[in-house]
1. In a strand (DSSP E or B) and not aromatic (Phe, Trp, Tyr): is that true of residue 392 in this structure?
2. Here is a check on your reading of the model: is residue 313 over 23 Å from the mean Cα position of the chain (by Cα) and either of a type outside the set (Lys, Arg) or modelled with pLDDT of 95 or more (or both)?
3. Kindly establish whether residue 214 is closer than 21 Å to residue 132 by Cβ and open to solvent by 10 Å² or more (accessible area, probe 1.4 Å).
4. Suppose the filter is among the charged types (D, E, K, R), part of a loop (DSSP other than H, G, I, E, B) and crowded, with 22+ Cβ neighbours inside 10 Å; does residue 100 pass it?
5. Answer yes if at least one residue in the range 374-386 is modelled with pLDDT of 95 or more, more than 21 Å from the chain's Cα centre (by Cα) and buried (at least 17 other Cβ atoms within 10 Å of the Cβ), and no otherwise.
6. Using the structure shown, decide if residue 459 is of a type outside the set (A, V, I, L, M, F, W, C) and out of contact with any strand residue (DSSP E or B) (no Cβ under 9 Å at 6 or more places or on another chain).
7. Answer with yes or no whether residue 160 is closer than 24 Å to residue 412 by Cβ and part of a helix (DSSP H, G or I).
8. Which pairs turn up if I take residues in the range 204-229 that are under 18 Å from residue 186 (Cα atoms) and look for partners that are hydroxyl-bearing (Ser, Thr, Tyr) with beta carbon separation below 6 Å, at least 6 apart in sequence or on another chain?
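The values are calculated or read from the model by the stated rules, or taken from the named source; none is laboratory data. Because the structure is predicted, anything quoted here is derived from the model rather than measured. All Cβ positions, glycine included, derive from the backbone under ideal geometry; neighbour counts span all protein chains shown. All accessible areas refer to the heavy atoms of the entire protein, side chains included, with ligands and DNA or RNA removed. Shrake-Rupley method; radii C 1.70, N 1.55, O 1.52, S 1.80 Å.
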Amino acid sequence: MTSRTDHDLAPGLVDQVASLASGATSSVAATEATLSRIEATQPHLNAFKIVRREKALEEAAEADRRLALGERLPLLGVPIAVKDDVDITGEPTAFGCPGDFPAKTEDSEMVRRLRDAGAVIVGKTNSPELGQWPLTSGSAFGYTRNPWSRHHTPGGSSGGTAAAVAAGLVSAGIGSDGAGSIRIPAAWTNLVGIKPQRGRISTWPDAEAFYGLTVNGPLARTVADAALLLDVAAGNHDGDLHKPTPVTVSDAVGRDPGKLKIALSLRNPFTATPVKLDPEVRLAVHSIADTLRELGHHVVVDDPAYGLIFGLNFLPRSLVGVHDWLGRVPDPTLVDARTRGNAQNGKLLRGAPLRAARAAEPRMRKRIGAIFDTYDVVLAPTTATPPIMATAIDGIGGWDTDKVMTGACPYAWPWNVLGWPSVNVPAGFSKAGLPIGAQLMGNENTEPLLVSLASQLESVLRWDQVRPEPWW
């Protein structure tokens, strides 16, 4: 790892906005540099499914024209990456699956908002099939590699976005999180990843995604960059099922969060397979807790009341969502056998099990949310282990894959069931030099509080100054 400044890497999002607005650089120059980095690293990192070279440069030239006329927008001319589960006009949305997908005729609501803010969409990043696994690999594209280690996964399912940001290909990007799919790759690539409140960023043309489990959110190297991207992407379409009270999170960057009561929770929620917290992760999360104490916060060990049946709420929503999405795949016979198996289980869980899961959510929210009667924030590991090998689920069946997943990543999914915000913050490195993350978890609409606290941690720990040594 290195702490040097490398001019071949993308600057931070906030800095890039300022450089474009001042005329210190142009959108065409910034976009060309971004595209060159992507294309040079694609054979090795493999972060992108689609690179929009010609279209992105046309958009950049138009942004420069608007900048020259004095127009100013939050992201005018800034190159941004999005995950391959959102629609861009003229591009297919394969969500990690093999096959010949048709080009979309309309932007998703989130992409429309990014464009309205002036962003230049340089490409779509890789995801495992239908976002199912905490690794980014598949027959449709191969392996996406971790910028910190060629042998390890950057996590999933937003691993392509995480790899692109951590490697400095782009300043920031958008992912999605249905069971930790923003926070897990953020933890494993030394990034800030925000899973916002359900509905904060529209999932339209889906009124909700995976029956309320999945939300869109930013990945970036700094809290300020992630907060800016969240504010720009936030907002709703008339057809959205979830429309939370609007908040602005950029204002919380650098703001004193006050003296908070924080629960340090290391107990993993119930899973059907054994889980052991890696000692290096335990030590890293305790180190974050110690830093919070030094900042004046009151941190004590305590756990949310997850209960033994909490996971039964997750599975119907997740697997029925897989079944739904597989219906969009042109040739379902091409997907992984595990995907077809999950979709078949989802077909069986549709109806009464899915209705029961949705009906139980308010009771679970009340029971688990009782911890916020005592505490302001919950601090927990983001994952149980440092990054796992990129090949960790190759050649194994569905049950063995589930054991790998729950063994490495048992901590993130509950907040998807509840729909509440959670922020991954970098928590240091293993002895092997692999990134580790910790979650700051809040209840409904607490993104500003979590961002304020994450920003305070960043001001002390300065994780943004540590970058991977390029092997790619």
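1. Judged against the criteria, residue 392 is not a match.
2. No: the conditions fail for residue 313.
3. Yes: the conditions hold for residue 214.
4. Judged against the criteria, residue 100 is not a match.
5. Looking through the range 374-386, at least one residue is modelled with pLDDT of 95 or more, more than 21 Å from the chain's Cα centre (by Cα) and buried (at least 17 other Cβ atoms within 10 Å of the Cβ).
6. yes
7. Considered against the rule, which asks whether it is closer than 24 Å to residue 412 by Cβ and part of a helix (DSSP H, G or I), residue 160 comes out as yes.
8. Taking only residues 6 or more apart or on different chains, the pairs are 214/176; 216/176; 219/161; 223/455; 227/250; 228/250.
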